[in-house]
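Trainee: Just passing along the structure, written as structure tokens.
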Amino acid sequence: MSELAIHTNVVNRERYACLVLKKAQRLGMKAAVFFDNENDMDQLDNLLWTFEPSSFIPHAIARTAGATGNAYLLSDNPEHIGSGDLLVLLTHNVPPAIHDLMQRFPKVIDIVPKEDPGLTEGRRRFVAYKRNGITPVVHNRQ
């Protein structure tokens, strides 16, 4: 099974996800981002177009015309993201398919903001991971 890393004390969860994807791009990794709602997915989609005016991170919402080639896939459905090197979780709850997702991605990163309500949600996810037999590695990004 893959490694699940929880990155804590993140000031802006979506911007941090953009930076993680930028690093993945630099390393030539195939990555995807998983959400549990369409609104959060749309927010990251918009931010990826604007967060750095001088760079571009190819991305697309899974199951759309742009979801081809080297684009990083954004999805709220685990069946639409295939497999790759890295999965970023921008969920509020542990994905029901977490064990399946971890089989398809050797590295999984769950990003936890430093303030509520996201901090409390992250703590709940940590407990749920442990209950599901997953021992996350915690990285404090303060």
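Readers should treat all values here as calculations from the given coordinates under stated rules, not as data from a laboratory. Just so it is clear, the structure is predicted and the values come from calculations on it, not from any experiment. Cβ: placed from backbone, ideal geometry, glycine included. Neighbour counts: every protein chain shown.
Trainee: Suppose we keep just the alpha-carbon trace of the chain; what are its Rg and Dmax in angstrom?
Mentor: 14.0, 43
Trainee: Give me the count of lysine pairs in the range 3-140 whose alpha carbons sit under 23 angstrom apart, restricted to pairs 8 or more positions apart or on different chains.
Mentor: Values: LYS22/LYS30; LYS22/LYS107; LYS22/LYS114; LYS23/LYS107; LYS23/LYS114; LYS30/LYS107; LYS107/LYS130; LYS114/LYS130.
So the count works out to 8.
Trainee: Between THR135 and GLN43, what's the calculated FRET efficiency when r is the beta-carbon distance and R0 is 25 Å? Round to 0.05.
Mentor: Efficiency at R0 = 25 Å is approximately 0.25.
Trainee: Hey, another quick one. For the range 1-62, what's the relative contact order in percent, using C-alpha pairs closer than 8 Å and at least 6 residues apart?
Mentor: This gives 33 percent for the range 1-62.
Trainee: Suppose R0 equals 22 Å; then what is the FRET efficiency for ASP100 and ASN9 from their Cβ-Cβ distance, rounded to the nearest 0.05?
Mentor: Between ASP100 and ASN9 the formula returns 0.15.
Trainee: Past the 12 angstrom mark, what percentage of all C-alpha to C-alpha distances in the range 12-52 do you count?
Mentor: Summing the P(r) tail past 12 Å for the range 12-52 gives 60 percent.
Trainee: Which length gain, in nm to one decimal place, applies between ASN70 and GLU52 when the Cα-Cα distance is subtracted from 0.36 nm times their residue separation?
Mentor: 4.6 nm
Trainee: At what distance in nm do the modelled label points of ARG124 and LYS22 sit from each other, each positioned 7 Å from its Cα along Cα→Cβ?
Mentor: Those two pseudo-labels are separated by 3.2 nm.
Trainee: Could you work out the relative contact order of the chain, using alpha carbon pairs under 8 angstrom and six or more residues apart, expressed as a whole percent?
Mentor: Relative contact order for the chain comes out at 39 percent.
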